[in-house]
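For reference, the structure is listed below as C-alpha cells.
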Amino acid sequence: MIEPSIALFGESFEEASKVLDRLIEDTGAQYALLVDRKGFVLAHREALWAPRPPALDSLATLVAGNAAATKALAELLGEQRFSELVHQGEENGIYVEEVNQYALLVVIFDKTAPVGRIKLYGKKAAGRLDHITKRAKIEAAPSRKKMGIDTEYRSSAAAILDDLFGET
C-alpha cells in the first residue's frame, strides 16, 4: 500500500494551512493545496467565495503524475528540473510549484487572478512550505520497508485469535 511521505498534523498542519490561507488572500486564487509527490493531499484551503472544489484526491494524483512527467521532460532537454508549471484555460488555470523533493504547491485560480501575482506569491509560499514539509518527512521504519505484514501486527493478531478461540 502506498502511503504519504509527509505527515502533517498538529502544529505542522496549522503552519501549512496558514501559508495556504495567506497565499489565497494575497493572490485572489480559489484553492491552494499542498500535495506530496505520491499524489496525496497534505493540506488544502479554499477562498470563501470559491465554487465547489474539484475532486481533490484526483487532482493531487494527476498533478503528481504530471510533475513526474515534467521532470522527465526537463531531463530530456538537459535541465535538472522545471520548478514550476502553469496551465491556463479561458476561465481557469492551475499553477504548480515544486516545494522540494517531497511536495508540490498547487494553486487553482480563475481569470480574475493575475498569473504574475500567483507565481510571485507561489514561490514565497513554497519557500515557507519547504521548511514545514522537511520537518514533517516520514522515514520508513526498517520493518515497514519489507513487503508483507510486520512482526508486531502479526503477533498482536495471533494473540487476539488465540484469545478468541480459547487457545494459549
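Nothing in this text is a laboratory measurement; each read-out follows from the coordinates by a stated rule. The structure displayed is predicted, hence computed values, not measured ones. Note that each Cβ is placed from the backbone with ideal geometry, even for glycine, and that neighbours are counted across all protein chains shown.
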Ranked from highest to lowest mean number of other Cβ atoms within 10 Å per residue, what is the order of the peptides 26-34, 113-121? 26-34, 113-121
Only counting other Cβ atoms within 10 Å, I'd like Glu46, Glu11 sorted with the fewest neighbours first. Glu11, Glu46
Residues other than Glu46 with Cβ under 11 Å of its Cβ, Lys/Arg counted +1 and Asp/Glu -1, net out at +1
For Glu15, what is the net charge nearby, where nearby means another residue's Cβ is under 15 Å from its Cβ and Lys, Arg count +1, Asp, Glu -1? +4
